[in-house]
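Beneath this line is the structure, given in structure tokens, with notes to follow.
Readers should treat all values here as calculations from the given coordinates under stated rules, not as data from a laboratory. Not measured: the values here are computed from a predicted model. Positions of Cβ are backbone-derived with ideal geometry, glycine not excepted, and every protein chain shown enters the neighbour counts.
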Amino acid sequence: LDNDTSSNITNDVEEGFHSEALNEVNENDRGREEAVRVNPSSAALHEREWGSGKELALEEVMYAVNSFHAIVKPVSITMILSALAVQFINTPQSRRMAQQQLTSTYTVFDIDDDSSTGENLARSLVNTLVIVSVICAMTFLIVLLYKFRCMKLLLGYMILSSTVLFFFL
């Protein structure tokens with residue numbers, strides 16, 4: 001091949017690459033426009049992907065705020081109603097019995113009225129450390145089970161804990 005023919009082939013190949021790149025950009029722009037029409041709140045995400053330099057758009061912030069409120073409202077209402085139900089359903093006798101059961105479950109050392117204040121404080125701190133240690137160990141165990149994808153064990157634990165809470169507590 002002579003130089004003219006090889007330069008023509010090179011130009012044709014380069015033009016082909018450029019036109020393919022332009023077509024791809026145009027298709028991506030069309031896809032972005034369709035996504036914005038379908039979901040305006042995703043515009044900020046697409047802007048970030050396209051490198052326009054915007055970190056956070058107003059639509060994304062408003063979407064996040066609305067999502068937060070959509071979750072907080074029903075959870076707050078449920079918490080308030082359950083606290084009111086506990087206050088009005090429990091009798092003083094059932095409260096005393098529940099308090100005795102809970103304190104006997106989590107205490108290692110009993111607090112005596114005959115002991116000195118320093119001893120009672122030390123016993124209280126040990127009881128506190130035991131409770132916090134148990135909570136940390138159980139949380140670590142749950143995270144470990146999740147990490148190693150032991151979903152059947154986690155499901156069994158959730159079923160067991162829900163059954164205990166609903167029927168035996």
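Using the Karplus curve 6.51 cos²θ - 1.76 cosθ + 1.60 with θ = phi - 60°, what ³J(HN,Hα) values do you get for each residue of the range 125-130, in whole Hz, with x for Gly and Pro? Going residue by residue, I get 5, 5, 4, 5, 4, 5 Hz, with x marking Gly and Pro.
For Phe166 and Gln100, a Förster radius of 25 Å and the Cβ-Cβ distance give a FRET efficiency of 0.75, rounded to the nearest 0.05.
A simple count of charges around Asp113, restricted to other residues whose Cβ falls under 15 Å of its Cβ and scoring Lys, Arg +1 and Asp, Glu -1, yields -3.
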